[in-house]
Structures are given as C-alpha cells and as structure tokens.
Amino acid sequence: MLTKRLDRWLPLMESVGIPIAALLLAMLIFAIFVAIIGQSPATVFYLLYQGGFGSAFAWQNSLLRAAPLILTGLAVAIPAQAGMVIIGGEGALALGALAGAVAGVALSGLPPHGVQAGILFAGMLGGGVWIGLSGWLRHYRGVNETISSLLLSYIGIALLNHFVEGPLKDPASLNKPSTRPIGDVNMIGNLPGMEVHYGLLFGALFALVTWIALRFTTIGFSLRIVGGNPRAAQMAGLRVGWWVVGAAAMGGAAAGMAGAIEVAAVQGAANASVLAGYGYAGILVAFIARQNPLAVIPVAILLGGINAAGGILQRRLDMPDATVLVLQGIAFVVIIASETLSGRLRVWRSTPAPVKPAIPATGASV
Amino acid sequence: MKPIELLQPASGALDLEILGLSKHFGDVAALDDVSLHIPAGSFHALLGENGAGKSTLVKCLVGYYTADKGTVLVDQREVEIPTPREASKLGIGMVYQHFTLVPSMTVAENLVIARGALPALLNWREERARLAAFMETLPFKLPLDKPAGGLAAGEKQKVEIIKQLYLQRRLLILDEPTSVLTLDEADEALGLIKQLARNQQLSVLIITHKFREVSAYADAVTVLRRGRYAGHGKVAELTVDQMAEMMVGSAVARDAAPRANRPAIPEGAARLRIQQLTALGDHGLPVLKNIDLSVYPGEILGIAGVSGNGQKALIEVLIGQREKSGGKVQVHGKDYSGRRAELALCKVNSLPEEPLRNACVGNLSVADNLALRNYDQPPLARSGWINWRALRAQAKTYVENFRIKTDGIDAKIQTLSGGNVQRAVLARELSHPVDLLIVANPVFGLDFNAVAETHSRLLAARAQGTAILLVSEDLDELLELSDRIVVMSEGEIVFEVDAAHADIRELGRHMAGSHALAEATA
C-alpha cells in the first residue's frame, strides 16, 4: 500500500525533484567556473544570496525584476500547454511596451486608473497579436512556431526601436530616445508599504488565474487534448486552430503586459531600456517551472534574485555583472537536458508499466 | 546503410523458397505457417487485405523481423536472416511505398551513398566511371545530375528501383510501389522491373492491392488471409474473380451470429445522410467523389473496399479530421460539421482505427482519456468547472465494467496494451446512449476474445437503436455484422446490397474495381 501511495505522489516528486536537482548541478558547474576564474565559490554564492534575498532592499530589488519575469515565463508556459515551444517573448514585450506607451499618451486626460487599464490592455493586445501570429503560422501554414516566434521577436524589437527613434520620438528625449511620457499621474504606483510596484501583483494574479483555468476548468482540459494529440482533439470536436492560436495569443498577451508594466511603472515611456532580456529569461523561468503557471511565480522570484545580485558581484568582487548570465546559461542547458529524465525515475514503482505499441508495427501497411 | 561488396560478381535472379513461416506478436498470429516459392526470374505477387500478414512476411525476408518458425531457402540453400545486413548480403532488397531518396542530393549522389560504408574521401571520377558503366546496362537514361527532389514521382520510384539494381540485388521486394504513382508512371516502373525479371536479372515479389497490376505483370500470385496461406496460382490460369474470392474468403464464417435473432430495423428517417460528398487527399487529389449514403436507426451499414479506395478519408471527414471539399453531411436531418456542441447534441460517437493515434491522448491519464467525450458536461463539469472526483469515479466504473487492464486510472494511456486501449475507447464511446456511431476497422490487431467482445458490443448498440456506419477491410466482419453493405472503389460507392443476400464473389468483384468488372463481362 505504501508503494501505491508513492506512485500517486511520484509525478509531483518528479516534477519538483528534477528541476531542483538540475539547479543544484548547474550551481556546481558554476562553482567550478567561478573557481577557474580565481574567485571563491563560497563567497560568490554568499553574495548571490545577499544580493538577491539578504536584506529588505535586496528582496525589493529581486521582486521588481520578478514582476516581468512571471509574465514572460507565462508567455512560454501557456502556449506550451497546447504543445508549442514559443521563445519570442522579448519581441512581444517590446510591442507591448510600444502599444502601452501609445495608449497611455492617447488616453491621457482620462482618470489615471482608466489610463492604466488602457495601457495594460493595449500592451496585452500588442503582444497577443504578435505571438498569436506565430500560432496562426503554425496551424494554418505549417511553420515551426519556435523559429517563427524568434524571428517575429526580432521584428518586434526592430519595430520598437524604429518608432522610438523615429515617428514616435519625443523631441525632448535627447540622450535616450523615448516616446512621449505617459505622465506622472498615470504611472502605476507601489504596493502598500513596499518599494515594489503593482506589476508584481498583476503578474502573480495572471499566473494564478491561468493556473486555476488550466487545472480546474474545461479550458485547461481542452488545451491539454489539443496539445497532446491534435487528431484526437479533432475527433472530440475541438477547433484545434482556434485553441492553438488562442494559447499562443494568451502567452503573447502576458509578455505584452510585462512590456506595458515596464512602461507604466518604471520607464514612464517606451524606450530601449525595456529590452532588458526579460523575454529571454522568461524561457528559462518556464522551463525550470516545468511549464506550470503557479510554479512560474517562485521561479521568477529566484531568477529575479540572481539577476539582482549581478550588481553586488560587480561591486564587491570586481566580477563582470554578466557573471549571473553565465549561471543562467548553465542552468538553462542543464534544465533542458534534465527534461529527458522525466518519466524514467520510476525505481519505486510497484509494477513496471508495460510499454507496447497499440498495434503491431505490421499493421501499418499490410 | 548496408555495406555492399561491389566487386562480387552479380549472379542474376535468385530462387526463393519459404516453408512454414510463422510470426506472433503477443497473442496475435500475424503470420501462420505460410509457404511460397519464387523461381529465379519470376514476378510474384502477394495479395491480401490489410492485416493479412503481407508486410510481416516481407519484413521477415529483409531481416526487420525474425520469424518464430519456418525456413527460408535461397537457391535451395537454407539461410538465416536475423538483420537487414544479412538480407543485403544475400542480395534481397526492398522498395517501399514512400521514397527514401535524399531530396537535396543528385541522383548520382543518392546512388553512391546507398552503398553505405563509404570511404572518408570519395573518388568521384572513379564513382562516375562506375556509374556510367552501370547505366550502360540499363534500357533507359536517368538524369544523374538532377537533384532527386526535383524528379516526378514516377522518376523517383524508378531511381529507387535502379538503386536496388546498382546494389546488385537479386530479389526485389516491392511494397505497394505504385500507390503514389499515376497509372502511366506505374506502368513505366513496373514495366522496367518486368523486363529485368524476364532477363533473369531479378526475381520479384510485389505486394499490391491492385488486381490490374497483378494481371498485367505478375507470373504467379500467392494470397494471404488473416496471416494464413489462402491460395496460390499462375496468373494466366486465374481470373480476377477467383483472386478476389481467395482474398476475401469464402462465406463460411458468416453464420456465426444468427441474423434471425436480431431485432428488425425500425422504420424511420435516416439518422446520417451524406449527399454528394467530395474530399481531397493528402496529395491534393480527389479521394471521395460524390458519395451518397444514408444510415438508419438500428442499422449497421457496412462499407467494404480494398484498402486505399477512400474509406479512410470518409471516416476522417465524418469524425472531423479532414475538411470536405463539397457536398452535405446531415445528422438528424440537420447539417453537421462535427463541432463539439453538435457531437453532444446529436450523440455522435466514433471508434476510429488506430485508437492511440486517432482517439486518445497518449500522454494523458486513462481517467482523462475516458472523459474525452463528456468532460465539459454534467456531472463531470458544471459551468466550466471540472469535478475531478466525478471524473475519476467515471473512470473507475469504466475500467471495471469493461475490464480494462491498467496500472491505475492515473497511468498514461500509452502504457496500456493495444487491446486495452481499444477497450478504453469502447468504454468511453459506448457507455452512454449513442444515436450515431462511426466505426473503422474496430478489431484491427486485437486477439480473438477482444474481437468477439467488440463485435457483441456493436451488436448490442445496434439493438438499442444506434445507427452504425462500419468501415472494415475484413469482409467476414462486414458480413457478420452489417445489415446492408456498400462497396467503395476509387472514391465512389459502386455497389450496394442487402447483407443477408450478399454474394461474396460479387462483392469481391466490385471491390476489385472497374477493371475486374470489365473483364468479367467480357
């Protein structure tokens, strides 16, 4: 009976255990790297902790970075439910920022809450259309969504740069080309008692709602069928194209919202500073979280902390602040490699599962 | 890739004899005590319905499978063929239905790489000289410097055949080599092979569904049925009619389920009505041409036909896996397009073939898969919220009622055996009242007990007034279950008959197509 109970919990143990083990392995490799460049791994890890989570200030710094990471993580995790690997979050974030900034200026004069809602909505729309296009290309034109989303991402970034430095440039922004500011009254403020803006709450709510929808509603069930076997989904009467495009667009909307929040809560206008690599780091977040929208939240905070600690490594140890990117890169490779392990750690199983093809291979063409 | 000793002199066509070959997959006998003889230089056809064991037989010959029992003799010497390498050494080569050329490489490059075990540095001058010398021996020229991807289908298939000759094969096995070719291309490719066989360069074993090709090219034919030898003869001495009869079998088994005991079909309006339905295949060619069909409540309509005549496309259109290009599909008198709401409203269910591919999500649990039809309906869901307890309870009931052998309802369905996947689908599709059931080859690959169980469940559904459309390539199954039988050939309905009065020979003749009919009336 004990083994039976173990079986029930095994998938959970596996989905938590594998990423944690992978992260530990990544830290070990990183420690070797640190030792090779002549620093003490212990000191580096201590400073990473200090810089990320060692003080109230460090926590705020980490949470500020976690806010967009939650959303860009969702940009990967939501389409993944429908069987897609989307890596174009950065471009969707760029277009979300652009659309948000345009909406913010266009709506100025309305009550601030209305403007803020407009900015977020415009950002979601911008990012959603962009990644939705990837989903459309995949379903109706057979284009690989990973490649198309990456290429669309470059176009999105180029569009942001073009409009910010060209047609939409605020003449007053001299050394840092930006769109016209949305105005201080329209900025999204901080959470009560914290130096962290409301974007963190919006991101966490987005993740929570997504998780509930996937876990407890027919939406999630339909999406899993579409992602698992499109032919069976067709047989079950689901419009596969609709779901594929919809899931991609929802992912894009999350990344676009991240861009809009960067504009409305941090930059005050769209400019190149919103492109801080959150879109790419979101891929790592989603993979460590094993595409689980709820797990995206803590993982984003963890990675936000590692990002935040880059500065302290630079100041105290004179290491380049890209050091944390090395850690992220190593973690990414190890996580991707560990994906192949899932479903194979069934050493405790009570009975080995028979793995047989449904129909003998002869069947196919006889 | 198999290394080939090119220096070894070719010794022309070989003589192949197979004695008592058997091969089992689990409980299913795919091949049972089959013997045949192909004299050197002869063109031998292997006929049979889907699942008759043809592919298993040739896979044993080329070393993909090892037979459980039986002997293979090459030139009267007993041989072992445990791997494709040994087959290759013996000079046995195979041409598949689908092309194996590298599209971006030229024909010459494709021929050279086929040799396998190439040196690190190729001496192209030497290779070209060798190719040129080889081409001299052929009756026609090949565009050696064209990329293979730019060739027409017929040319590609010719290159595949030439490749086998270049590898100095002595027995060529062809697995439905003309299924992607037009009539002219098929004639060209088969004509070439026939000529080579006549010159004693090759012996040929061809798997085909096309009687036309058998009559025009083969010297002799062996027919398999359900894994067993079902007949043999010289093509010159057989009519297409007789071959068709060997293939579909005699009407011995048909009285297994006494028809008289079944409830009569009640009068009523058609439940499924298909009018002028057309659809295109994967290659953009029409596969369904103006299909008209009706299925009435309490009736099983059987659709017979040789594989590849549009039955698969018909099923795909009906269960929403293929777009129709014209015509009407109506259920309960209303236009029907297979959307989820319509499925639930009209109570349309289906048992497609290859359930793991068409009707299940392999990496989801048994419980999830069992809920595929009703996860969005009460009691499993209310206003969009899934009741997991109800969903699991349903799964437990189904697993018990249909005796599905599984490692718990949380096991992924792809870990179940074929028979149990099929049971799970049966449980899901037949546990609730069904108005219309679309069924395709429901017992394919199942063992005897599972077959009997599936059939009795279909008959039970019929007794409850379900309208059933049953596509099967097994004529015995159709005769046993159906009330009416229609025959599909080349994408059209060519014949309809009341199953109680069906003459198996007549069915076979219509299945064989217009060619056979023309011959029969001549």
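Laboratory data are not the source of any read-out in this text; all were calculated from the coordinates shown. Keep in mind the model is a prediction, meaning the values are calculated, not measured. As a convention, Cβ positions derive from the backbone with ideal geometry for all residues, glycine included, and neighbour counts pool all protein chains shown.
Centroid-to-centroid, using Cα positions, segment B:70-94 and segment B:281-307 are 41 Å apart.
Taking a straight line from the alpha carbon of B:LYS69, these lysines sit under 28 Å away, with near neighbours fewer than eight places off in the same chain left out: A:LYS356, B:LYS2, B:LYS23, B:LYS54, B:LYS59, B:LYS89, B:LYS234.
What are the membrane-span-like helices in chain A by this rule: whole DSSP H runs, Cα extent along the axis at least 24 Å, mean Kyte-Doolittle hydropathy at least 1.6?
Values: long enough: A:2-36 (47 Å, 1.54); A:56-81 (36 Å, 1.02); A:89-106 (25 Å, 1.49); A:112-141 (42 Å, 0.44); A:145-165 (29 Å, 1.09); A:199-216 (25 Å, 1.92); A:240-261 (31 Å, 1.41).
Helices passing the filter in chain A: A:199-216.
Estimated purely from DSSP H runs of n ≥ 4, each contributing -39500 (n - 2.57), the mean residue ellipticity at 222 nm for chain A is -23000 deg cm²/dmol once divided by its residues. Dipole orientation for chain B: of the candidates B:GLN200, B:HIS510, B:ALA148, B:ALA148 has the Cα lying most toward the positive pole (charges on Cβ; Lys, Arg +1; Asp, Glu -1).
Taking a point 7 Å out from the Cα of A:GLU165 in the direction of its Cβ, the residues of segment A:252-288 whose backbone N falls within less than 11 Å of it are A:272. Compute the acute angle (0 to 90°) between the alpha-carbon long axis of helix B:124-136 and the principal axis of greatest extent of the alpha-carbon atoms of chain B; round to the nearest 10°. That works out to roughly 80 degrees.
Scan chain B and hand back the longest stretch that contains none of the trypsin sites (Lys or Arg not before Pro) lying in DSSP loops with at most 14 other Cβ atoms within 10 Å.
Values: sites that count: B:LYS141, B:ARG339, B:ARG403, B:LYS405.
Maximal segment without exposed cleavage sites: B:142-338.
Against chain B, whose longest principal axis is taken from its Cα atoms, helix B:448-463 shows a tilt of about 40°.
Cα convex hull of segment B:334-383: mean projected area in nm², to one decimal?
Working: hull surface 17.6 nm².
Approximately 4.4 nm², given one-decimal rounding.
In whole angstrom, note down how far apart the Cα centers of segment B:379-452 and segment A:215-276 are. Measuring centre to centre over Cα atoms gives 31 Å.
Counting only helical runs of four or more DSSP H residues, what would the 222 nm mean residue ellipticity of chain B come to if each run contributes -39,500 (n - 2.57) and the total is spread over all its residues? Walk me through the numbers on the way to the answer.
Working: 18 runs with 172 residues, N = 522.
The helix contribution divided over chain B gives -9500 deg cm²/dmol.
Once a ≥ b ≥ c are taken as the square roots of the eigenvalues of the Cα gyration tensor of the protein assembly as shown, is the result rounded (a/c under 1.5), prolate (a/b larger than b/c) or oblate (a/b not larger than b/c)? Since a/c reaches 1.5 and a/b is larger than b/c, the shape of the protein assembly as shown is classed as prolate. Does chain A classify as rounded, prolate or oblate by the C-alpha gyration tensor (a ≥ b ≥ c root eigenvalues; a/c under 1.5 gives rounded; else a/b over b/c gives prolate, otherwise oblate)? Oblate, since a/c reaches 1.5 and b/c is not below a/b.
Determine the relative contact order of chain A: mean sequence separation of Cα pairs under 8 Å and six or more apart, normalised by residue count, in whole percent. Write down the numbers at each step before the final one.
Working: 660 pairs, mean separation 126.1, N = 366.
Relative contact order comes out at 34 percent.
Sketch the reach of a paramagnetic label on B:LEU138 as a point 7 Å from Cα along Cα-to-Cβ, and name the residues of segment B:75-107 whose backbone nitrogen lies under 19 Å away. Counting only backbone N, you get B:93-107. Helix B:183-198 and the long axis of chain B differ in direction by around 50°, with both axes built from C-alpha atoms. A cut-off of 5 Å between modelled amide H atoms, ignoring neighbours fewer than 5 places along the same chain, links B:ALA440 with B:LEU351, B:GLU353, B:VAL471.
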